[in-house]
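Peer 1: One structure coming up, written as structure tokens, with questions to follow.
All of the numbers you see were taken from the coordinates with simple rules; none came from a lab. Here the structure is a predicted model, which is why all the values come from computation and not from measurement. Cβ coordinates were reconstructed from backbone atoms using ideal geometry, including for glycine residues, and neighbour counts include every protein chain displayed.
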Amino acid sequence: MKVIVDDKIPYIKGNIEQVADEVIYLPGNQFVSETIQDADALIIRTRTLCNRELLEGSRVKFIATATIGFDHIDTEYCRNAGITWTNAPGCNASSVAQYIHSALLLLQKKGYDLKNSCIGIIGVGNVGKKVQKVAELLGLKVLLNDPPRQEQEGNNDFTDLETIKRECDIITFHTPLNKEGKYRTYHLADHDFFQSLKKQPVIINTSRGEVIETQAILNALQNGTISNAIIDVWENEPGINLTLLNNVFLGTPHIAGYSADGKANATRMSLEALCDFFHLPKNFHIAPPEPEQNILKGMKEEDAYLLMYNPEQDSIKLKEHPELFEYLRGNYPLRREKEAYLRL
């Protein structure tokens, strides 16, 4: 069995070799028709578009994306071609929640009164539910918006988008990218969305860049419709809008879910799915490295959390060198989550 692996997927070298006969590592942009023709399986990230152009005529029968999102996989083509695919739902939910937690603490340091603020969470899946817990621990009032879940579950825990736009001081997006259909999220936050806001909220996006229309949020920042923005995901990555980058409170290179813990989860889930598909024993062990600093000292609890992870550092790096978007993302330093410190 031959497997081609994105060379930026962490903790996979030395482990996948225990289950596959031949392993080739390639940069995500080198997954092209010629290089994958004789592969049985691919393990990819979001930068590899798996469609007819890539896959037709190949031997590929299985694709694992070590990501939550799968809009880079043409699922209809794969179904018709008999190619099984899998993603890693929830793998980095705690990582994104850590990013949101630290971002909210930075807003608090900037003078935002979190305990007297209302946050609207749009999309309450694996990530949104963890963000809800973070927000409640910080004392924010929380409103939830998730039309698919509301329809499926029929409960009263959710509110409509109009209420979110009317009552929230912070609005954070955690939806998948759906370009069509009943629950379309492409440009969910467009010019009409921003013009109908009743307060001047902070907008946070760690979902998919295309969920927010770039020019619309830029206009909203410049005319004061929103008070600030925290953006981790962008339209046209890595060729992001530099004016928007320079106007946001925090602008980071699609790394909210990039804790070592989240990466290890995604890699483990991808390898387990590979083994299940090909009926192979799971002869591997994946665990992230220990934190570089074992003890974090702060005058307050929030200081310790920001020592654990401060997204402002990622924002400074990107704002200083936006041309290094892919490099900063592909060579992201070790970041561990809270549990890694509690064990020590």
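Peer 1: Within segment 261-344, report the GluC sites (Glu not before Pro) that DSSP leaves as loop and that have at most 13 other Cβ atoms within 10 Å.
Peer 2: Loop-located and lightly packed - GLU292.
Peer 1: Modelling each spin label as a point 7 Å along the Cα-to-Cβ direction, I'd like the ILE24/THR163 distance in nm, to one decimal.
Peer 2: Calculated label separation equals 5.4 nm.
Peer 1: In whole Hz and in residue order, list the ³J(HN,Hα) couplings for segment 93-107 that follow from phi through the Karplus curve 6.51 cos²θ - 1.76 cosθ + 1.60, θ = phi - 60°; x for Gly and Pro.
Peer 2: 3J(HN,Hα) across segment 93-107, in whole Hz: 4, 5, 5, 5, 4, 4, 4, 5, 4, 5, 5, 5, 5, 5, 4.
Peer 1: What whole number of Å gives the distance from the Cα centroid of segment 1-48 to the Cα centroid of segment 314-340?
Peer 2: 23
Peer 1: Please report the net charge: other residues with Cβ closer than 11 Å to the Cβ of THR159, K and R +1, D and E -1.
Peer 2: Charge balance in the 11 Å sphere: -3.
Peer 1: Let me ask something else about it. For the chain, what is Rg from Cα atoms divided by 2.2 N^0.38 Å, rounded to two decimals?
Peer 2: It is 1.01.
Peer 1: Next up: Sorted by packing (mean other beta-carbon atoms within 10 Å per residue), highest first, where do 96-109, 134-147 land?
Peer 2: Highest to lowest by the protection proxy: 96-109, 134-147.
Peer 1: Next question, about the same structure. Suppose the chain between HIS191 and ILE316 were pulled fully straight at 0.36 nm per residue; how much longer would it get relative to their current alpha carbon spacing?
Peer 2: 42.2 nm
Peer 1: Just to verify a number: FRET efficiency for THR243 and GLU151, C-beta to C-beta distance, R0 = 41 Å, to 0.05?
Peer 2: 0.60
Peer 1: Per residue of the chain, what 222 nm ellipticity follows from adding -39500 (n - 2.57) for every DSSP H run with n ≥ 4, rounded to the nearest 500?
Peer 2: -10000 deg cm²/dmol
Peer 1: Suppose each label sits 7 Å from its Cα in the direction of the beta carbon; what would the GLU17-GLU292 distance come out to in nanometres?
Peer 2: 2.7
Peer 1: Can I ask one more? Give a residue-ordered list of calculated ³J(HN,Hα) values for segment 250-266 (Karplus: 6.51 cos²θ - 1.76 cosθ + 1.60, θ = phi - 60°; whole Hz; x for Gly, Pro).
Peer 2: For segment 250-266, the Karplus curve yields 10, x, 10, x, 6, 10, 4, x, 9, 4, 4, 5, x, 5, 4, 4, 5 Hz.
Peer 1: Can you give me the distance in nm between label points at GLU323 and LYS2, each placed 7 Å from the Cα along the Cα-to-Cβ direction?
Peer 2: If labels sit at GLU323 and LYS2, their model points lie 3.7 nm apart.
Peer 1: Taking only the C-alpha atoms, wrap a convex hull around segment 125-202 and report its volume per residue in Å³ as a whole number.
Peer 2: 102
Peer 1: Using the Karplus curve 6.51 cos²θ - 1.76 cosθ + 1.60 with θ = phi - 60°, what ³J(HN,Hα) values do you get for each residue of segment 175-189, in whole Hz, with x for Gly and Pro?
Peer 2: 9, x, 8, 10, 7, 7, x, 4, 10, 4, 10, 4, 6, 4, 9
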